[in-house]
Amino acid sequence: MYESLKKLIDDSNNIVFFGGAGVSTESGIPDFRSVDGLYNQKYDYPPETILSHSFFLRQTEEFYKFYRDKMICPSAKPNDAHIALAKLEEMGKLKAVITQNIDGLHQMAGSQMVYELHGSVHRNYCMKCRKFYDLSAITQSTGIPQCTCGGIIKPDVVLYEEGLDDNITRKAIRAIARCDVLIIGGTSLNVYPAASFIRYFQGSQIVLINKSETPFDNEANLVIRDPIGQVLKACVLD
């Protein structure tokens, strides 16, 4: 299977990568749905409740306790998957990375064309004056982080009950619709509307790299069950 993927990569100069939490778990960032994920840990509220727009507005300090503790991993570094994808872009083969992750590891690895469907922990804005703040505004504060104007600083991440950014959505869909090879990795394809974007693919080959089954396995030309870092390292970096 690795040889088949390597040949697809070698033969194509129009690849798009669509990834989820499984890309970052190898960097030590927890996902939501695995056995050890956040959904299976105990909190006063379910993670999906804490990470909702209404909870953020209603119990902002409680939101930030969870957010600082579980959603920010400043020590995380890019793994082999991130590095391999950046290499493919540098080679002119990969046209875009579309990610559901908010950790910024793709950019840290060197990827330039990254569409962050769910935002980024590295971008934060005052809800009152829209002043920009980097991650340190959150990590180096306690309680509710506040702007110099007195407004509340909110992470530029898509919370439950919030919609995706229209501009990012359009660009991501356009990239998927125009590519020849779509590599899907580290995602259960159960998070909507993001998972529905792959329906726009009109190319010839879909590769699915995920340790567990997904609803789209039967539609893929190639399915690989191994860790994505291991797969991409073998096919790109070795």
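FYI, it's all coordinate maths here, none of it is from the lab. On a predicted model such as this, the values are computed, not experimentally measured, just so you know. Note that each Cβ is placed from the backbone with ideal geometry, even for glycine, and that neighbours are counted across all protein chains shown.
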Just from its helices, what would the mean residue ellipticity at 222 nm be for the chain, if runs of 4 or more DSSP H residues each count -39500 (n - 2.57) and the sum is divided by every residue, rounded to the nearest 500 deg cm²/dmol?
-7000 deg cm²/dmol
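Quickly rank 99-108, 192-201 as a protection proxy: mean count of other C-beta atoms within 10 Å, highest first. Display every interim value, and only then the final one.
Details: 99-108: 23.0, 192-201: 15.8.
Most protected by this proxy first, the peptides run 99-108, 192-201.
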Mind scanning LYS6/LYS171; LYS70/LYS211; LYS128/LYS154; LYS6/LYS211; LYS77/LYS154; LYS65/LYS211 and naming the pairs with a C-alpha gap bigger than 21 Å?
LYS6/LYS171; LYS70/LYS211; LYS77/LYS154; LYS65/LYS211
Interchain or long-range residues, amide H under 5 Å from ILE184's placed H
PHE18, VAL207, LEU208, ILE209
What does DSSP give for the chain in terms of the percent of beta bridges that are antiparallel, rounded to the nearest 5?
25 percent
Arrange the peptides 69-75, 230-236 so that the one whose residues have, on average, the most other Cβ atoms within 10 Å appears first.
230-236, 69-75
Per-residue ³J(HN,Hα) for region 146-151, Karplus 6.51 cos²θ - 1.76 cosθ + 1.60, θ = phi - 60°, Hz, x for Gly and Pro:
10, 6, 4, 7, x, x
Can you compute the FRET efficiency between CYS73 and CYS129 using 1/(1 + (r/R0)^6), with r the Cβ-Cβ distance and R0 = 30 Å? Round to the nearest 0.05.
0.55
Relative contact order as a percentage, the chain, C-alpha pairs under 8 Å and 6+ apart, gives 25 percent
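Below 8 Å, C-alpha to C-alpha, sequence gap of six or more: please give me the relative contact order for region 1-137 in percent. Walk me through the numbers before you get to the answer.
Working: 160 pairs, mean separation 32.6, N = 137.
Once normalised by length, the contact order is 24 percent.
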Quick one: what Rg and Dmax do you get for region 149-238 from the alpha carbons, in Å?
16.2, 54
Which whole-number percent gives the relative contact order of region 113-238, counting Cα pairs below 8 Å spaced six or more residues apart?
18 percent
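By average Cβ neighbour count within 10 Å, what is the ranking of 19-26, 202-209, 53-60 from highest down?
Details: 19-26: 24.6, 202-209: 18.9, 53-60: 15.1.
Ranking the peptides 19-26, 202-209, 53-60 by packing returns 19-26, 202-209, 53-60.
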Mind listing the long-range amide H neighbours of VAL157? Cut-off is under 5 Å, sequence gap 5 or more, other chains count too, H placed in the peptide plane at 1.01 Å from N.
SER120
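Based only on the alpha carbon positions, what is the Kirkwood hydrodynamic radius of the chain, in angstrom? Before the final figure, lay out the partial values.
Numbers: mean 1/r = 0.0540 Å⁻¹.
It is 18.5 Å.
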